[in-house]
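Student: Quick one: structure below, then a few questions.
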Amino acid sequence: MELQVYKFGNEKHLPIVFIHGFPLEYKMWSHQFRYLQNENHCISYDIRGLGESSAGDGQFTVELFVDDLFEILDKHEIPNPILCGLSMGGYIALRAMVRHQNRFRGLILCDTRSEADNNDAKLKRAVAIQKINKQGLENYIDEFIPNCFFSKTKSEKSGIIRETVEKAKKFDPIGVKGCLLAMAGRMDCTHFLGNIVVPTLLLCGEHDTLTTPDMMENIAHKIPNSEFTTVPNAGHLAPLENPEYVNRSIENFLRKNFYQSQINQ
Ligand code: MLT
C-alpha cells in the first residue's frame, strides 16, 4: 500500500521524521515544518488509514505501522534521521527504537507513554469502536478530539479545534477503528527505555490529561541521555496548542546535540 509522504526543506540537511497522533494527519506538525525547514529536512506521512493514506482492510497493528515507517525510510533513502512522534506516533517511534535503534540518531517524544494499554484502556477502545459502529464516526470525533485540548485552547483558539475535528470526520471509519485496535494490541516498551542511547527530548503539555507530565517525566528518568520539558498552555496536542514553545524547545535540542555533526553519517 502506498502511504502519503510529505517533505519540507533541503534533503541535505538534518533529517527529522515526524509521526502524527490519533486520529490526526501529518498536518498537525505544520507549525514545526514551517519553523524548522530552513535548517532541517522535515519528513512526515499519513499513517495507514488516516489523512490521505488509504485504510485497506483496516487490519492494523503497531508492528505494521513500524514496518511502514522502515519502508518509507528505505524508499526515500532517509539517512539515520531523528524520530519525532506524538502520542500514537510516540508508540510507533518507541517500537521502532526497540526494533532498530541504530537507524536513528535522536528521538523526540511528545505527549505519549511507553506502557501498553491496561484492561481499562482496552475496554475504552472497545467502547469507542462500538460508538463508531452505532452512532457514526462524526459523533465519536466530536467527543474525542475536544477532550485532547487544554481548556484555554478551547476558549482562545477554538478555530484549531474546529479544524482538527472537521478533518478527522472525513477519515475512513475503517482506518480509525483499525488504529484503535492497533493501539489496544500494542506492546509495552517500558523495559527498553534504559537502553535508548541516542539524545532524547520529551515534551508534554502542562495540562495533558491523557498522557500526563508525571508520566512523561517518569519516562525521562529511565532514558539515560534525555531531557524533559513541560509545554505551558497546552494539553495533549502541545505542538498545535503552543507551537512557539515546542518549536523553540526542538530547536534548542537540535542545536545542543546535532548541528555540529550535521548529516550523512
Ligand atoms: C493519540 O493522541 O494519538 C491518542 O490519543 C493515543 C491513544 O488513544 O492512546
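Any read-out appearing in this document is the output of simple, stated calculations on the displayed coordinates, not a laboratory observation. Here the structure is a predicted model, which means the values were calculated and not measured. As a convention, Cβ positions derive from the backbone with ideal geometry for all residues, glycine included, and neighbour counts pool all protein chains shown.
Student: On the basis of being free of Cβ contacts under 8 Å to residues at least 60 places away in the same chain, more than 15 Å from the ligand (Cβ to nearest atom) and either within 16 Å of T61 (Cβ to Cβ) or in contact with a helix residue (DSSP H, G or I) (Cβ under 6 Å, 6 or more places away or on another chain) (or both), does R103 make the cut?
Tutor: no
Student: Hey, another quick one. Anything in segment 30-64 that is out of contact with any Leu (no Cβ under 8 Å at 6 or more places or on another chain), buried (at least 20 other Cβ atoms within 10 Å of the Cβ) and polar (S, T, N, Q)? List them, or say none.
Tutor: Result: Q32, S44.
Student: Just to be sure before I move on: is A55 of a type in the set (G, A, S), outside any loop (DSSP other than H, G, I, E, B) and away from the ligand (no atom under 14 Å from the Cβ) in the structure I sent?
Tutor: Considered against the rule, which asks whether it is of a type in the set (G, A, S), outside any loop (DSSP other than H, G, I, E, B) and away from the ligand (no atom under 14 Å from the Cβ), A55 comes out as no.
Student: I need the helices (runs of 4 or more DSSP H) fully contained in segment 147-219, keeping only those with at least 2 residues that are without any contact (Cβ under 8 Å) to a residue 24 or more places away in the chain.
Tutor: 151-156, 158-169
Student: While we're on this one: In segment 76-87, what count of residues is obtained for those that are under 14 Å from S44 (Cα atoms) and touching a residue at least 60 places away in the same chain (Cβ under 8 Å)?
Tutor: Selection size over segment 76-87: 8.
Student: List, please: which pairs have Cβ atoms under 7 Å, are six or more places apart or on different chains, and start with a residue in segment 21-42 that is without any contact (Cβ under 8 Å) to a residue 60 or more places away in the chain and end with one that is within 15 Å of the ligand (Cβ to nearest atom) and among the polar types (S, T, N, Q)?
Tutor: What qualifies is Y26/S44.
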